[in-house]
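Notes follow once the structure below has been shown.
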Amino acid sequence: MASSRTLGTFRLPPLPTIREIIKLFRLQAVKQLSQNFLLDLRLTDKIVRKAGNLTNAYVYEVGPGPGGITRSILNAGVAELLVVEKDSRFIPGLQMLSDAAPGKLRIVHGDVLTFKIERAFPESLKRQWEDDPPNVHIIGNLPFSVSTPLIIKWLENVSQRNGPFAYGRTRMMLTFQKEVAERLTATTGSKQRSRLSIMAQYLCDVQHILTIPGQAFVPKPEVDSGVVHFTPLTRPRIEQPFKLVEKVVQNAFQFRRKYCHRGLGMLFPEARRLESTGKLLELADVDPTLRPTQLTVSHFKSLCDVYRKMCDEDPHLFAYNFREELRQKSKKDDDKQSCRL
């Protein structure tokens, strides 16, 4: 293995620019995949610097595309960079980078939503959850179409300490549509406060560290982008199973302009909805006239703790889905109408 000094001072040799790579391999952003390319290496260098000191680090980059951020990561002196790219059109350009950085860049042609990262890096990198984060980083300029399902998947991984977080409290720095970045970091009472705010903030320290104007991308998207940094907390602010927290939070925010009791009521069957919702809010000490955006993470902790006890008392409660009850009710009404005819 090369010395730390060699790793820390590595620079890529002269290469075609990203714009030239795009022309050389006849690459075009696919609108249906919400692809947008960053061509300005000064900007990609700035983004990578925001991830912290990457000297000798192991980095997992998702959606590298033509390789703009990839170049900046390699120039940061990493020990190894693993990129996962679904679109085969980008592989030749990435291979050119790999040839220019022998032993540093590993390319996987695959889907980040299904790729198993937990065995990709050396076991020696693993740290106890309570320790400082491992020298493993996730960096990505995510296509807008995949960003929300991917961050929810990774947040569930954080809660279960598996996937990328089998190494410990792996840090992430990801690019989102600006509105999504604002939701992830929104404070209590903000109009951007949402399900994503709670799900991210109960598990991680979340910071919106940079806004990238739309004109920095090719093709130019209709909206700006936001770079968000995540550091998993040593102890989650809500200590309940991820799926339970997700269910409570989703229901609370489905009627975001109404009082919170309206959405939370959908956790319970219609026959006992009023009584059960009142019990939940009373035991959790939550004002039923608060709007969902006014609920703090502490409010959600209390709600989840009480809901968990109610589910323990009634084993069928957690499986209840109000939409399924509505569907069954609608079906019965249709059957009755058919009989009359």
Mind listing just one residue for me: the one in the stretch 56-68 that is open to solvent by 10 Å² or more (accessible area, probe 1.4 Å) and modelled with pLDDT of 95 or more and, of those, nearest to residue 96 (Cα to Cα)? 58
In the list 155, 150, 94, which residue meets the criterion of being assigned by the TED database to the domain that holds residue 73, over 12 Å from the mean Cα position of the chain (by Cα) and assigned to a helix (DSSP H, G or I)? 94
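Quick grid of which residues meet (1) in contact with a helix residue (DSSP H, G or I) (Cβ under 7 Å, 6 or more places away or on another chain); (2) open to solvent by 20 Å² or more (accessible area, probe 1.4 Å); (3) on the phi < 0 side of the Ramachandran plot:
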{"site": "262", "(1), (2), (3)": "no, yes, yes"}
{"site": "265", "(1), (2), (3)": "yes, no, yes"}
{"site": "281", "(1), (2), (3)": "yes, no, yes"}
{"site": "284", "(1), (2), (3)": "yes, no, yes"}
{"site": "288", "(1), (2), (3)": "yes, yes, yes"}
{"site": "292", "(1), (2), (3)": "yes, no, yes"}
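Yes/no matrix, rows are residues, columns are (1) crowded, with 16+ Cβ neighbours inside 10 Å; (2) assigned by the TED database to the domain that holds residue 42:
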site	(1), (2)
172	yes, yes
179	no, yes
187	no, yes
194	yes, yes
201	yes, yes
208	yes, yes
216	yes, yes
246	yes, no
So which of 228, 206, 245, 218 ends up being modelled with pLDDT under 95 and either under 29 Å from residue 321 (Cα atoms) or not acidic (Asp, Glu) (or both)? 218
Restricting attention to the stretch 140-193, which residues are under 24 Å from residue 70 (Cβ atoms), touching a Pro at 6+ places or on another chain (Cβ under 7 Å) and of a type in the set (S, T, N, Q)? 157, 170
Select from the stretch 192-251 the residues that are charged (D, E, K, R) and part of a loop (DSSP other than H, G, I, E, B) and write down the one among them that is nearest to the chain's Cα centre (by Cα). 193
Quick one: in the stretch 158-170, of everything that is open to solvent by less than 40 Å² (accessible area, probe 1.4 Å) and in a loop (DSSP other than H, G, I, E, B), which residue is nearest to residue 245 (Cα to Cα)? 169
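The values are calculated or read from the model by the stated rules, or taken from the named source; none is laboratory data. Source: prediction; values computed, not measured. Neighbour counts run over all protein chains shown; Cβ positions are idealised from the backbone, glycine included. Heads up: the accessible areas ignore ligands, DNA and RNA and are worked out on the full protein's heavy atoms, side chains in. Shrake-Rupley method; radii C 1.70, N 1.55, O 1.52, S 1.80 Å.
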